[in-house]
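Inspection log for the structure reproduced underneath, given as structure tokens.
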Amino acid sequence: MQKVNLSTVSEFALVGLSDAPEVRFLLFVLFLITYLATVAGNITILVAISTDARLHNAMYFFLGNLSLLDVLCSTITVPKMLEALLLEDKVISFTGCMLQLFFLIDVVGTEIFLLAVMAYDRYVAICHPLQYMNIVDMKLCAHLAIGTWVAGFFNSLLHTSLIFTLFFCDSNEVDQYYCDIPPMLALSCSPTYSRELVILTVAGVLGSSAFVVTLISYIYILLAILCMKSSESRHKAFSTCGSHLTVVCLFYGTTICTYVRPSSNYSPNQDRIVSMLYGILTPLLNPIIYSLRNKEVKCALRRVI
């Protein structure tokens, strides 16, 4: 097979969805409703946080960032998928594929760091409640939020540059409904071992660091909750942290299944299911999880609605 430099490839074909017309229309309706609900839910939370003075603190500042990331995550992939389902236009340009992968990895990386920051915020709130306002002030919140976005940007820049310097053979069909690292590695006929090693190492170091911060924070939180004498205080603490812990488990579970493995284990069918979980379902569930388990958010949402 003759190798072609990626710079000569002008487009890719996204073939990760069904070609059956009746199934395609049902999928279009389902994903359109899900996308609209995701955008509406997260934007409503953003409006509630920005307009309600009682939500102007660190916890809800980070929650607002999470809602923004969820809107971006869905918007990066779902509109192109809807276009493919409705118009049968599965072609994406080289530039479009590169930008889609870059922004997707940027958002996913930023969310990993943000969840660790949110875990630290909950740790300070529960383990050091009297010093909370002095430790986690808005200046620190702004620095931490900017740090997560910057770290996500440079992480994505590295991964994108590694993927889009690969060579490809005569096939340009991406076996997924959007451009992502696993299907692009599987499509390439270049040796990918060194790039996979760098990707797994960087993702492992950064992801493990964020996970360790989250894990240690929740160990201290659990110990502090168990030491509380009042059942009402324990219930309130569990309610405050339960939403974030649910989101962390859902997000880490799906992203680890997608990215932390060699390309030799790539399974298109499994990847489509997992990617829909973290790319479509998780952004939809996040506002539901936070609004259902948080009285302050529910009250603010009622006022907005």
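The values are calculated or read from the model by the stated rules, or taken from the named source; none is laboratory data. This one's a predicted model, so the numbers in the text were calculated from it and none came from an experiment. Here the Cβ is made from the backbone with ideal geometry for all residues, glycine too, and neighbour counts use every protein chain on show. Note: areas computed on protein heavy atoms with side chains; ligands, DNA, RNA excluded. Shrake-Rupley method; radii C 1.70, N 1.55, O 1.52, S 1.80 Å.
State, as an integer percentage, the relative contact order of segment 35-162 based on alpha-carbon contacts under 8 Å between residues 6 or more apart.
30
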Using unit Cβ charges (K, R positive; D, E negative) and no other charged atoms, how large, in debye to the nearest 20, is the dipole of the chain about its Cα centre? 1240
Hey, for a label at residue 212 modelled as a point 7 Å past Cα toward Cβ, could you say which residues of segment 116-145 have their backbone N under 20 Å away? 116-124
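On the accessible surface of segment 1-158, probed at 1.4 Å, how many percent belong to carbon and sulfur atoms?
Roughly 71 percent, rounded to a whole number.
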Per residue Cα convex hull volume for the chain, in cubic angstrom? 136
Which longest run of the chain has no exposed loop site in it, a site being trypsin sites (Lys or Arg not before Pro) in a DSSP loop with at most 14 other beta carbons within 10 Å, and the site itself not part of the run? 4-228
Would you list the membrane-span-like helices of the chain, meaning whole DSSP H runs whose alpha-carbon atoms span at least 20 Å along their axis and whose mean Kyte-Doolittle value is at least -1.0? 21-51, 58-87, 94-127, 138-163, 193-226, 231-259
Set of lysines with alpha-carbon distance to residue 90 below 24 Å, sequence-local pairs under 8 removed: 3, 80
Can you return the lysines within cross-link range of residue 298? Criterion is Cα-Cα under 17 Å, with same-chain partners fewer than 8 residues away left out. 236
Counting each DSSP H run of 4 or more residues in the chain as -39500 (n - 2.57), what helix-only mean residue ellipticity at 222 nm follows after dividing by all residues, to the nearest 500 deg cm²/dmol? -25500 deg cm²/dmol
Below 8 Å between Cα atoms, with a sequence gap of 6+, how large is the relative contact order for segment 106-218 in percent? 40
I'd like to check one number: the per residue accessible area of the chain, probe 1.4 Å, reported in Å² as a whole number. 48
Leaving ligands, DNA and RNA out of it, work out the accessible area of residue 51 with a 1.4 Å probe and give it in Å² to the nearest 10. 100
Sorted by accessible surface (1.4 Å probe, heavy atoms of the protein chains only), largest first, 211, 164 come out as 211, 164
Please report the base-10 log of the normalised intensity I(q)/I(0) for segment 126-213, using a Debye sum with one equal scatterer per alpha carbon and no solvent, at each q in 0.15 (1/Å). -0.72
Rank these residues by their accessible area, most exposed first, probe 1.4 Å: 214, 246. 246, 214
